[in-house]
Amino acid sequence: MKNTKVRYTPEELAEAYVYPAALTPAQKGEADNQLKAARAKVQSEITAADKLMSDILQLRFRLEDYLNTGEFDPKLKFSYFLKEYVQLLNKKRKVFAQEINIDETELSQLINDHRYPGENIIIRLELHSNKAIPAIAWYKLIEREKEHYIITNKTIRKQEEKNVSNRLTVSVN
């Protein structure tokens, strides 16, 4: 088998095992229709619970992918993912707020990026999702935002400069 890999390209090997199909436009159209019908059948058999599980996992993977980039994206904040989560549940905000035992206005402030959640909210989100989205993932989103704020906010540095005296004379940069 080693000699085979040397003599033939991967494309040639694949062609040797898979016969290329030359379809007429009519045959291609029929094959497309059959595939479409098969996909529609499979999708019609998916339960609401399976669809919700799939959507929640997709949200989790998007969140984890974002966290793994190491970059800050102002669009992908805690508030964005919370809003997406609530929308996936297909529930009114008032109902969701009751389910995690917070006031509807607090939920609105979290979704509209006017407030950071406490640890209790992060834990409740993990529990509500039945651990599909771990608390640590929600926490890392918030930390990413705070890190970006600290690194980029020059105004707060100027304001706080007056509160520091007797600075070190050595530089460690």
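FYI, it's all coordinate maths here, none of it is from the lab. Predicted, not measured: the structure shown is a model, and the values here were computed from it. Positions of Cβ are generated from backbone atoms using ideal geometry, with glycine treated the same way; all protein chains shown enter the neighbour counts.
Of K91/K146; K77/K146; K75/K158, which pairs sit farther than 18 Å apart, going by alpha carbon to alpha carbon? Cα-Cα > 18 Å for K91/K146; K75/K158; rest within.
What's the FRET efficiency of E11 with V42 using the Cβ-Cβ distance as r and R₀ = 41 Å, to the nearest 0.05? That gives a FRET efficiency of 0.85. The alpha carbon radius of gyration of the chain, expressed as a multiple of 2.2 N^0.38 Å, is 1.68. Compute the distance from the alpha-carbon center of the stretch 96-173 to that of the stretch 47-66, in whole Å. For the stretch 96-173 versus the stretch 47-66, the Cα centre distance is 24 Å. Listed by chain and number, the lysines whose C-alpha is less than 22 Å from the C-alpha of K36, apart from same-chain residues fewer than 8 away, are K28, K51. Using 1/(1 + (r/R0)^6) with R0 = 22 angstrom and r between the beta carbons of V172 and E71, what's the FRET efficiency to the nearest 0.05? Once rounded, the FRET efficiency stands at 0.25.
Please state the relative contact order of the chain as a whole percent: Cα pairs under 8 Å, 6+ residues apart? It comes to 19 percent, rounded to a whole number.
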